[in-house]
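The values are calculated or read from the model by the stated rules, or taken from the named source; none is laboratory data. Here the structure is a predicted model, which is why all the values come from computation and not from measurement. Counting neighbours? That spans all protein chains shown, and the Cβs are built from the backbone with ideal geometry, glycine included. To get the accessible areas, we keep the full protein, side chains included, count just its heavy atoms, and leave off ligands, DNA and RNA. Shrake-Rupley method; radii C 1.70, N 1.55, O 1.52, S 1.80 Å.
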Amino acid sequence: MQIFQIPGVRWRAEVPEAPVRELRLSGRFHRCSARLFRFDFTIENGGALPVRVPRLPLLRLTEPFLPFPFERCVVTRLARQKNDVPGPFHPARVDAALRNAAFDSSEIIAGNGVAWCEMEEKETLPHSFHCDPGLVLSEEGAKFHCFIGFDGQTRHLSDLVVETDEARHRLIAVTAAAEFDEVELASGETIVPHSLYLDFGADSVRGLMLRHARRVARSTGTLHSPCRNLYCTWYYYGADIDRREVLENLRFIVREHLPFDVFQIDMGWENCFGDWEAEEEKFPGGMARIARALRRRGILPGLWCAPFVVEEQAAVVRQNPEMFLRNSTGEFCRFQCVKGACRVVDPFHPAAEGYLVSLFRKFRQWGYGYFKLDFLRAVLLTADARFHDSRKNRAQAYRHGLELIRAGAGEEGVIDACGGLYEGSAGLVNLVRSGFDLRGHWRAEDSEISAYVNRIAQNLHRNFYNELWSTDPDALQLRRNDRAWKDNPLNLHLSRGCFTDEEAFSIVVNQLLGGGAVCVSERFRVFDRDRLTLLRWLLRRRTFPAAVLPVLEAKTLPEMLYCRSRGALLIILNNWQGEETASVRLPLEWIPGVTPGTCYELYDCREARGLGTAVAGREPRFEIPPHGTKLIRAVRRREPVCPVS
């Protein structure tokens, strides 16, 4: 047992007893600095026979004393699934943020065929909340922040549990557990989990998240995308894409001199998950023919693939029937998607190496250099999965699968991971999707989670991951259209575009604030000229990882965001959650490093006009329509500081 204390905080740290008698769990405590602590663990099989290692709580922080009332406590979560909505919530406050945390903490997998669970009644909400691989505890509006989390997802999945009393008025404990998935541990062998950190070393949540990402990078390395502007077919055409539409959009891009780096053909080109050959009726002459046309125009060809998912009728099922993942009862694991109940590749089966490596070598031979990998969560969803190598768990299988794909794609291949692990992808992929699939409308329709503000929240609260890769905000949909492509009702949510002009600019800014890539999906033949002008504006702008002001970090979507860029401040003022025009203030003095009384010249980036001067401390206001955004560039004037009355 370890009791440790920093000014104002006292916690008891306990390493629990292992639930399996033969397992010996030991932990070592390190004070890395005055405000950074590390716990290292070892798990040993002290018995005479092999044992299976279950989910193990490695550390339990009990008797917590926080230097502020728990009603002011804010928990900022990292979330395992891309469809989860990360960010801050108040355990003692019932609102949309708490419901998101409750939904993500349940065993429901959003985007896996289960509808959004509307949790309205206080009595139905949980009093424990789950995160992977970390979280931050903060005092609302103050400078107390503590990161608790593991330094990766390559050795195991993690479960950080914040436990409160039933009324959510008092913090009971924070437990850090490692999910080993019943892997087999031989007599005398040991497992070394990820290190667990308690970090008090930054004055903001964002600062702690950046420090976390840099710790992850020390073991995995980093990899970023050389391509910034991406075109994707999915968010107009769905699976109804063909050669004619690809070439028509390509001609438009060339004629209008739109600076796209990648043209990515999404799902619908393939004949079958597992065979991965072109559907001849849609793409006569094969996919290599399309790749040549794109490369002649100086655009990198991109291809969609679900490498871990295989349809039952695929030839590889007959050729390698044992290559697929099974559960603890010996049954094949199934991944439910648009193709039905599919098989899941076991990355540790000997045949998987040949399958995955040769698949991506084939794509390269066709001429493709950008690969969007989808449904990666298939290898992670079955908690009782049993891999061909019984010593390996889901996190290790995911990582090994990506290593095989990278071997096939080559060092120069650009990989965009969609629906996999975040920290577990670092160093092997160039881009990672920030959230769930976008839709062409602002307001929630079928469920609360379908509101566009949740997409912005995912993009915002994951943009610190640019330390590890380039974030992919998913595709922009600027068209005006309320009709399904080819009148197929399955395409309606993809081909729709119902944004007002104010909303259209806000979704453009959402592409920028992620700080990574820009992604666009349109049928340009029916694209309005004013929206084309807006698209041109976007494609020539630098992206920037927008930050939340430290004093506003308790809000999921605060009305003001900022970033430093080329000696100036970029400021996002917004009314994303309002249904009426709002008067939004600009408190420049809240930005770290800005001194009250300092004068700034303001410039409206959208309207390309000056807004006059502003003095930090005087808080000018701007009228912003519902769902609207004002993007302001503020440049400090080179003159004496103005007094603030």
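Could you tell me which of the residues A186, A176 is modelled with pLDDT of 95 or more and open to solvent by less than 10 Å² (accessible area, probe 1.4 Å)? If you could, list the steps in order and put the result at the bottom.
On the way: A186 fails: open to solvent by less than 10 Å² (accessible area, probe 1.4 Å).
Unique residue meeting the criteria: A176.
With (1) more than 19 Å from F360 (Cβ to Cβ); (2) open to solvent by 10 Å² or more (accessible area, probe 1.4 Å) as the list, and A395 as the residue in question, which single condition is left unmet?
(2)
Condition (residue is touching a His at 6+ places or on another chain (Cβ under 6 Å), more than 30 Å from R433 (Cβ to Cβ) and in contact (Cβ under 8 Å) with a residue 12 or more places away in the chain) applied to the range 24-41: is it met by at least one residue?
Scanning the range 24-41 turns up at least one residue that is touching a His at 6+ places or on another chain (Cβ under 6 Å), more than 30 Å from R433 (Cβ to Cβ) and in contact (Cβ under 8 Å) with a residue 12 or more places away in the chain.
Where residues in the range 51-73 are out of contact with any Lys or Arg (no Cβ under 8 Å at 6 or more places or on another chain) and either of a type in the set (F, W, Y) or farther than 24 Å from V162 by Cβ (or both), which of them is most open to solvent (accessible area, probe 1.4 Å)?
Once the filter is applied, the top-ranked residue is R52.
State yes or no: is V414 among the hydrophobic types (A, V, I, L, M, F, W, C) and touching a helix residue (DSSP H, G or I) at 6+ places or on another chain (Cβ under 8 Å)? Give the steps one after another, and end with the answer.
Values: among the hydrophobic types (A, V, I, L, M, F, W, C): yes; touching a helix residue (DSSP H, G or I) at 6+ places or on another chain (Cβ under 8 Å): no.
Here the answer is no, as V414 does not meet what is asked.
May I ask you to list the residues in the range 14-40 that are under 17 Å from S187 (Cα atoms) and either of a type in the set (A, V, I, L, M, F, W, C) or not in a strand (DSSP E or B) (or both)?
Within the range 14-40, the subset under 17 Å from S187 (Cα atoms) is 18-26.
Residues satisfying the conditions are A18, P19, V20, R21, E22, L23, L25.
Find the residue count for the range 585-613, including only residues that are open to solvent by 40 Å² or more (accessible area, probe 1.4 Å) and of a type in the set (A, V, I, L, M).
Step one: filter the range 585-613 for residues open to solvent by 40 Å² or more (accessible area, probe 1.4 Å), giving 585, 589-590, 592-593, 595-596, 601, 603, 606-611, 613.
If we keep only those that are of a type in the set (A, V, I, L, M) too, we end up with 608, 611.
Qualifying residue count for the region: 2.
Do we have N249 as touching an Asp or Glu at 6+ places or on another chain (Cβ under 9 Å), free of Cβ contacts under 8 Å to residues at least 60 places away in the same chain and not aliphatic (A, V, I, L, M) here? Walk me through how you get there before you give the answer.
On the way: touching an Asp or Glu at 6+ places or on another chain (Cβ under 9 Å): yes; free of Cβ contacts under 8 Å to residues at least 60 places away in the same chain: no; not aliphatic (A, V, I, L, M): yes.
No; evaluated as a whole, the condition is false for this residue.
Closer than 15 Å to C232 by Cβ, over 18 Å from the mean Cα position of the chain (by Cα) and not basic (K, R): does that describe S495? Give the steps one after another, and end with the answer.
On the way: closer than 15 Å to C232 by Cβ: yes; over 18 Å from the mean Cα position of the chain (by Cα): yes; not basic (K, R): yes.
Yes.
Would you be able to say whether some residue in the range 566-583 is more than 23 Å from Q458 (Cβ to Cβ), hydroxyl-bearing (S, T, Y) and out of contact with any Leu (no Cβ under 7 Å at 6 or more places or on another chain)?
yes
Check G367 against each of (1) in contact (Cβ under 8 Å) with a residue 12 or more places away in the chain; (2) at negative phi; (3) of a type outside the set (S, T, Y); (4) surrounded by 14 or more Cβ atoms within 10 Å (Cβ to Cβ) and name the one condition it does not meet.
The single condition G367 does not satisfy is (2).
Given the structure, is L468 under 20 Å from the mean Cα position of the chain (by Cα), within 19 Å of C605 (Cβ to Cβ) and crowded, with 21+ Cβ neighbours inside 10 Å? Spell out the reasoning first.
Numbers: under 20 Å from the mean Cα position of the chain (by Cα): yes; within 19 Å of C605 (Cβ to Cβ): no; crowded, with 21+ Cβ neighbours inside 10 Å: yes.
Taking the combined requirement at face value, the residue does not satisfy it.
Can you tell me which residues in the range 158-167 are charged (D, E, K, R) and either part of a strand (DSSP E or B) or modelled with pLDDT of 95 or more (or both)? Before the answer, list the steps.
Looking only at the range 158-167, we keep the residues that are charged (D, E, K, R), and these are 159, 163, 165-166.
Of everything in the range 158-167, those that are charged (D, E, K, R) and either part of a strand (DSSP E or B) or modelled with pLDDT of 95 or more (or both) turn out to be D159, E163.
Could you figure out which of (1) modelled with pLDDT of 90 or more; (2) open to solvent by 10 Å² or more (accessible area, probe 1.4 Å); (3) farther than 20 Å from M209 by Cβ; (4) part of a strand (DSSP E or B) isn't true of A48?
Exception for A48: condition (4).
Of these, A444, A383, which one is closer than 24 Å to D181 by Cβ, modelled with pLDDT under 95 and open to solvent by 20 Å² or more (accessible area, probe 1.4 Å)? Let's see the steps before the verdict.
Numbers: A444 fails: closer than 24 Å to D181 by Cβ.
Sole residue among the options that is closer than 24 Å to D181 by Cβ, modelled with pLDDT under 95 and open to solvent by 20 Å² or more (accessible area, probe 1.4 Å): A383.
Failed condition for F544, given (1) open to solvent by 20 Å² or more (accessible area, probe 1.4 Å); (2) in a loop (DSSP other than H, G, I, E, B); (3) without any contact (Cβ under 8 Å) to a residue 40 or more places away in the chain, with all others met?
Result: F544 passes all but (1).
Count, please, the residues in the range 421-454 that happen to be in contact (Cβ under 8 Å) with a residue 60 or more places away in the chain, over 23 Å from H493 (Cβ atoms) and not β-branched (V, I, T).
Going through the range 421-454 one residue at a time, the tally reaches 9.
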